[in-house]
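Read the structure below first, then the notes.
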Amino acid sequence: MTMNAQPKLSANNIDEVLQAMTLEEKAKLLVGGANNFFSANAVVGGEATLVAGAAGTTPAIPRLGIPATVLTDGPAGVRINPTRRGTDKTYYATAFPIGSCLASTWNTELVGKVGQAIGNETKEYRCDVILGPGMNLHRNPLCGRNFEYYSEDPFLTGKIAAAYINGVQKEDVGVSAKHFAVNSQETDRTSVDERLSQRAAREIYLRGFEIAVRESNPWTIMASYNLINGIHSMGNRDLLTSILRDDWGYKGIVMTDWIGIRQGLTTVSEVQAGNDLMEPGQPAQVQEIIEGVKNGKLAIADVDRNVRRMLEYIVKTPSFRQYPASNDPDFKAHAAITRQSAAEGIVLLKNNGTLPWKNVKSVALFGENSYDFLSGGTGSGCVHPPYVVDMLEGLKNAGIKSSETLTDIYRKYIAYARVKFQAERHPAKWFQTESMGQQKYPEIGLSPIAIEKEVRGADAAIITIGRQAGEGIDRDIDTEFNLIPEERALITDVCNAFHAAGKPVIVIINSGSVIETASWSGYPDAILCAWQPGMEGGNSIADLLTGKVNPSGKLTMTWPIAATDHASTKNFPGALDDYSLMQMLGNGQPIPGHAYTNHEEDIYVGYRYFDTFSREVAYPFGYGLSYTTFEFSKPVVKAKGNNVEVSITVKNIGSVSGKEVAQVYVAAPKGRLEKPAQELKAFAKTRELQPGESQILTMTIPVRDMASFDEANSQWLTEAGNYTFRIGASSRDIRCTAVLKIAEYTEPVSNVLAPKQKLNLLKQ
């Protein structure tokens, strides 16, 4: 290299390149290049010629061989613009099952295959990172973004997320696990102060992220908008450095969620906290970093540390390797993966013997969403797929006819409702556009006379109940959790008419989140929770209805009898302030700072609450029916070093083949720390077992995974004593138990995230 030659970035000369960078270049690399958020063909990061509609970029520094990298929304598939200027080509992406459906497979191997397919499309569309998986907990069923997330349980969340991440990163692209952390509501999400105990933070809201970091090493993690105990997550050194890096050993980069300069939070404090990339980025943030170094408020060592991490990230990317993206993913192969994963995630909630169908040739399809099937949610988590298979098409593909009269009624109604909806849409409701995902139109009523006319020409009836939700707004109880009057009337009238003729009725729930079922579940013969299962949804459901696939999905969240039954509902979403879209996007308007949510339920989220306090539920955590029957036997639990090995024999004693999930719940001995009645600590899914066939499932539980957080000593503590291992098919269907004596285990960690206010925490 000549005297004045500049180094070009490689994996082996990061320190040399760092030394050659000017302060301005370093500051630039830590800030994405902002652009018009709503520009139809612009990347928010400013590199509009790279990938139209991607969420953001990191800036290029050509002098040093540093390319721009591209970040695309997810996590149910690549979210980019399907159309671009200057070309007639469409850039659709596969819509895979949403998070709540994917997790309901309880099949980490299958989740890994989905992740790898998503990673492949990320790479083939010239992107480097997909902004997912969404890992926040289902603290409450009213959260608008629950469809993106996996579970109310942190262990299951972490295991599913790790499988997804490992799958994506097999394709040599990265993920951004989000939203770190305690982001369990959409209302006031940019300003809400999530107030909770250190124990709840560690055990409930951080544990899933910890598992994912330790088992899959995500390339990036996205810091959440909200505050935690008074400090913004994006500027929280205790969270982003003490916990994430010091306690967990994380080596990747941290980026902000998509917002600019905020009241009460400076770019300098974000850099100091360990936030490596400010997205979508504003020029003022670059200047703030430069001025911070010059005036002594920001140490150059902090800047260099973050820049080094950025360079370590960049050299791993397809952009750095100049991967020749095809812009032509294998939709056929990915559709097959989508169809299989959706079928395994669909949960059979009720079946009186009517499923699978044997002699059903024609069906009366009721419900607007039978004909306008919701493949996914709205907001940044939506995907623009080449097609969506609705119920009408799925049944047709299975050789089953549908009512022409009902098809005509609903098709014409949907066309009318779409035009009316857009005409009446409030300009500020940016999420209520087709570009932000499929919209849900109000259900229409049908007279009993019209329904009765359909009985004669059909062997069975299907009613699809749809629910849509997404980024930016939470769900309400009366019209989104509960059924509306038109839906109730449809269920009762269809069931009365068809049952009078001795014909079955099946309800399909097409929702990303939990809905109320207790008041009406007695009417239909069968209920399938199909979630929002991606673009092959109609085919996946038809596979289950006809018995081509045996249901094996299990709920990853409790379905309560009423929304108010959750202990968290009292404080959901909390004491609130209103804020505008422009404030949310960080355009300089002050953001209110008085919104807060008290986590008084503490560690008692989901089944931890319902099982500990013996509350009745509609469907318990881990629940899901099959067309066959499984027997659990021969439980063996033994210590192996710092691990506990659990094995169980699962046998198919029914008449058709199928898969079963063995769930291991651990009940701790009484000690000085209060504990839930039981906690999920392991699970495994069988292969497809033929009638009479059995399989031994063996699961390993590290002793540290059975620890609770001891706030007094800032440590993980597994107290000595006899632990009961409860193995079953749901949290309330325990088939076998075994007891093992375990010695005390402790693990000191950083003493951080203490609440500033006294919380009135729920106690047993």
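What follows is calculated from the coordinates using simple rules that are stated; it is not laboratory data. Only a predicted model underlies this, so the values are computations on that prediction, with no experimental measurement involved. No Cβ is skipped: glycine too gets one built from the backbone with ideal geometry, and neighbour counts run over all protein chains shown.
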Cα radius of gyration and Dmax for segment 483-531 (Å): 10.9, 33
For LYS670, counting only aspartates and glutamates whose alpha-carbon sits under 15 Å away and dropping same-chain residues fewer than eight positions off, the answer is GLU679, ASP710, GLU719, GLU744
Taking only the alpha carbons of segment 138-184, the radius of gyration and the largest Cα-Cα distance, Dmax, both in angstrom, are 11.8, 36
Per-residue ³J(HN,Hα) for segment 659-672, Karplus 6.51 cos²θ - 1.76 cosθ + 1.60, θ = phi - 60°, Hz, x for Gly and Pro: 10, 9, 10, 9, 10, 10, 9, 10, 9, 7, x, 5, x, 7
Degrees separating the helix 300-314 axis from the principal Cα axis of the chain, which is the longest one: 50 degrees
Placing +1 on the Cβ of each Lys and Arg and -1 on the Cβ of each Asp and Glu in the chain, which of SER269, GLN438, TYR627 has its Cα farthest towards the positive end of the resulting dipole? TYR627
Can you work out the FRET efficiency for the pair ARG672 and LYS412, with r the C-beta to C-beta distance and R0 = 51 Å, to the nearest 0.05? 0.15
Compare the peptides 389-395, 82-88, 414-420 by average per-residue count of other Cβ atoms within 10 angstrom and give them in order, highest first. 389-395, 414-420, 82-88
Theoretical FRET efficiency, 1/(1+(r/R0)^6), r = Cβ-Cβ of ASN352 and GLN757, R0 51 Å, to 0.05: 0.50
Nearest 20 debye, what's the magnitude of the dipole of the chain about its Cα centre given +1 on Lys and Arg Cβ and -1 on Asp and Glu Cβ? 1100 debye
Regarding the chain, what's the average projected area of the Cα-atom convex hull, expressed in nm²? 32.6 nm²
When Rg is the radius of gyration of the Cα atoms in segment 177-227 and Rh is its Kirkwood radius, what does Rg/Rh come to? 0.99
Take segment 255-356, compute every pairwise Cα distance, and split them into 5 Å bins from 0; I just need the percent in each bin. 2, 9, 13, 13, 10, 8, 9, 8, 9, 7, 5, 4, 2, 1, 0
GluC sites (Glu not before Pro) in segment 693-764 lying in a DSSP loop, each with at most 12 other Cβ atoms within 10 Å of its Cβ, come to GLU744
What is the spin-label model distance, in nm, from ALA639 to THR479 if the labels are put 7 Å beyond Cα along the C-beta direction? 5.9 nm
Rounded to the nearest 5, what % of the DSSP beta bridges within the chain are antiparallel ones? 60 percent
Among DSSP bridges having both ends in segment 419-522, what percentage is antiparallel? Round to the nearest 5. 10 percent
Measure of compaction for segment 60-149 (Cα Rg per 2.2 N^0.38 Å): 1.31
J(HN,Hα) series, segment 360-377, from Karplus relation 6.51 cos²θ - 1.76 cosθ + 1.60, nearest Hz, glycine and proline x: 8, 10, 9, 9, 8, 9, 10, x, 4, 7, 5, 10, 9, 5, 8, 7, x, x
Please tell me which of these pairs span more than 31 angstrom C-alpha to C-alpha: LYS570/LYS675; LYS396/LYS659; LYS123/LYS681; LYS350/LYS685? LYS123/LYS681
The summed charge of the SER647 Cβ neighbourhood (under 12 Å; Lys/Arg +1, Asp/Glu -1) stands at +2
What FRET efficiency would be calculated for the residue pair HIS426, ASP246, taking the C-beta separation as r and a Förster radius of 41 Å, to the nearest 0.05? 0.35
I need the peptides 222-235, 446-459, 602-615 ranked by packing, meaning the mean over residues of other C-beta atoms within 10 angstrom, with the highest value on top. 222-235, 602-615, 446-459
If you line up the long axis of helix 404-424 against the longest principal axis of the chain, both from Cα atoms, how many degrees apart are they, to the nearest 10? 30 degrees
What distance in nm separates the two pseudo spin-label positions at GLU688 and LYS396, each 7 Å out from Cα along the beta-carbon direction? 2.8 nm
Hey, what angle do you get for helix 485-500 against the long axis of the chain, alpha-carbon based, 0 to 90 degrees rounded to 10? 30 degrees
